[in-house]
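Undergrad: Next up is a structure, given as structure tokens.
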Amino acid sequence: MVMSCELSIVVPCHNEEGNIRPLLEAIDAALSPLKVEYEVIITDDRSSDNSWEVMSGIASDNSRLRVQRLEENCGESAASWVGMQSASGRFIVTMDADMQNDPADLPAFVKALERADCVCGTRVASRGEGDHLIRILSSRIANWVRNGLSGEQISDAGCTYRAFRHECISNLKFFKGMHRFLPTLFKIEGFSVIEIPVANNPRLYGSAHYGVWNRLFASFYDLLAVRWMKSRMIRYRIEEQIGFSESRVPGEKSGSQAPEI
């Protein structure tokens, strides 16, 4: 794919009609001072409200906005994956449409990409600012279980606010629930992953779509699959090649490079 911009902001959306316009305004306010070329890709996961009408109307006048609508409701993983596959940026940022992920944190992600291939947001210090007690406790339990079974040390595995090099997704195969495990999948592919603290804003419009069941129980089988993949991983390096064009060898990564801003 020919990269046409530096950043692709990928946003899965389901019933977020009240949040779309302020989200786009906040993204522009955060990125405009950086003078970085970016696009926003919103994938409507077959909303039952007016989300599609709102975003398609804005897209007709906004050259940075690209929107698409799934034929039927398929879930967050599918909407995220479709958006990532449509991205043309050298770097991809995934974030929620509900404005709880604060676009003001985008410059911090851009800066952190100088140090790693993937940068994950963590809300450990800010959960109380935007969530109620039950949601906080369910998230902590889910993180504890996921890290225990996957062998990871990611402090906020449920946070899908992330930035990463486009090639991180090159060899991945889609499966339901994969959006929860992207950092682990990237590590399996040999990419580096770090975390940075991010804000956790209270929801202004609409209602949360995910609870205790979605955070822990519904992802349990996916977690076992990821654990199996890690156990079967083979690390290898090619020592010499003759007659091949220069390319990235699976299992090795080239040096990390930040966006040109």
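The values are calculated or read from the model by the stated rules, or taken from the named source; none is laboratory data. Nothing here was measured: the structure is a model prediction, and the numbers come from that model. Quick reminder, even Gly has a Cβ in these numbers, built from the backbone with ideal geometry, and neighbours come from all protein chains shown.
Undergrad: Test GLU76 against the criterion of being touching a residue at least 24 places away in the same chain (Cβ under 8 Å), among the acidic types (Asp, Glu) and over 24 Å from PRO107 (Cβ atoms), and give yes or no.
TA: On the way: touching a residue at least 24 places away in the same chain (Cβ under 8 Å): yes; among the acidic types (Asp, Glu): yes; over 24 Å from PRO107 (Cβ atoms): yes.
Here the answer is yes, as GLU76 does meet what is asked.
Residues are listed down the side, and each one gets a yes or a no for (1) modelled with pLDDT of 55 or more; (2) closer than 24 Å to PHE91 by Cβ; (3) assigned to a strand (DSSP E or B):
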{"residue": "GLY121", "(1), (2), (3)": "yes, yes, yes"}
{"residue": "ILE136", "(1), (2), (3)": "no, no, no"}
{"residue": "ILE141", "(1), (2), (3)": "no, no, no"}
{"residue": "VAL145", "(1), (2), (3)": "no, no, no"}
{"residue": "ASP156", "(1), (2), (3)": "yes, yes, no"}
{"residue": "THR160", "(1), (2), (3)": "yes, yes, no"}
{"residue": "PHE164", "(1), (2), (3)": "yes, yes, yes"}
{"residue": "GLU167", "(1), (2), (3)": "yes, yes, no"}
{"residue": "LYS176", "(1), (2), (3)": "yes, no, no"}
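Undergrad: Moving to a separate point now. Determine whether region 51-64 contains at least one residue that is modelled with pLDDT of 95 or more, in contact with a Cys (Cβ under 7 Å, 6 or more places away or on another chain), small (Gly, Ala, Ser) and over 28 Å from ILE194 (Cβ atoms).
TA: yes
Undergrad: Can I ask one more? Quick check on region 1-34: of everything there that is closer than 24 Å to HIS166 by Cβ and acidic (Asp, Glu), which residue is surrounded by the fewest Cβ atoms within 10 Å (Cβ to Cβ)?
TA: Keep residues of region 1-34 that are closer than 24 Å to HIS166 by Cβ, which gives 1-13, 23-24, 26-28, 30-34.
Among the residues that remain, those that are also acidic (Asp, Glu) are: 6, 28.
Details: GLU6: 19, ASP28: 14.
By that ranking, first place goes to ASP28.
Undergrad: Condition first: of a type outside the set (A, V, I, L, M) and part of a strand (DSSP E or B). Now tell me which residues in region 85-102 satisfy that.
TA: To start, the set of residues in region 85-102 that are of a type outside the set (A, V, I, L, M) comprises 85-86, 88-91, 94, 96, 98, 100-102.
Those that are of a type outside the set (A, V, I, L, M) and part of a strand (DSSP E or B): GLY89, ARG90, PHE91, THR94.
Undergrad: Taking region 1-40 on its own, how many of its residues are in a strand (DSSP E or B) and closer than 19 Å to GLN100 by Cβ? Let's see the steps before the verdict.
TA: Step one: of region 1-40, the residues in a strand (DSSP E or B) are 5-13, 38-40.
Narrowing the set further to residues that are closer than 19 Å to GLN100 by Cβ leaves 9-13, 40.
So the answer is 6.
Undergrad: Which condition number in (1) outside any loop (DSSP other than H, G, I, E, B); (2) surrounded by 23 or more Cβ atoms within 10 Å (Cβ to Cβ); (3) not acidic (Asp, Glu) is the one that TRP52 fails?
TA: TRP52 satisfies all of (1) outside any loop (DSSP other than H, G, I, E, B); (2) surrounded by 23 or more Cβ atoms within 10 Å (Cβ to Cβ); (3) not acidic (Asp, Glu) except (2).
Undergrad: Considering only residues that are more than 13 Å from VAL93 (Cα to Cα) and not basic (Lys, Arg), look in region 108-119 and name the one that is surrounded by the fewest Cβ atoms within 10 Å (Cβ to Cβ).
TA: This residue is GLU114.
Undergrad: OK, next. Exactly one of (1) modelled with pLDDT of 75 or more; (2) surrounded by fewer than 19 Cβ atoms within 10 Å (Cβ to Cβ) is unmet by ASP98. Its number?
TA: (2)
Undergrad: Another question, if that's okay. Does any residue of region 154-169 turn out to be of a type outside the set (Asp, Glu), more than 14 Å from the chain's Cα centre (by Cα) and over 21 Å from ALA87 (Cα atoms)?
TA: Going through region 154-169, the residues of a type outside the set (Asp, Glu) turn out to be 154-155, 157-166, 168-169.
Next, only the ones that are more than 14 Å from the chain's Cα centre (by Cα) stay: 154-155.
Now drop any that are not over 21 Å from ALA87 (Cα atoms), which leaves 154-155.
Among the residues of region 154-169, at least one is of a type outside the set (Asp, Glu), more than 14 Å from the chain's Cα centre (by Cα) and over 21 Å from ALA87 (Cα atoms), which makes the answer yes.
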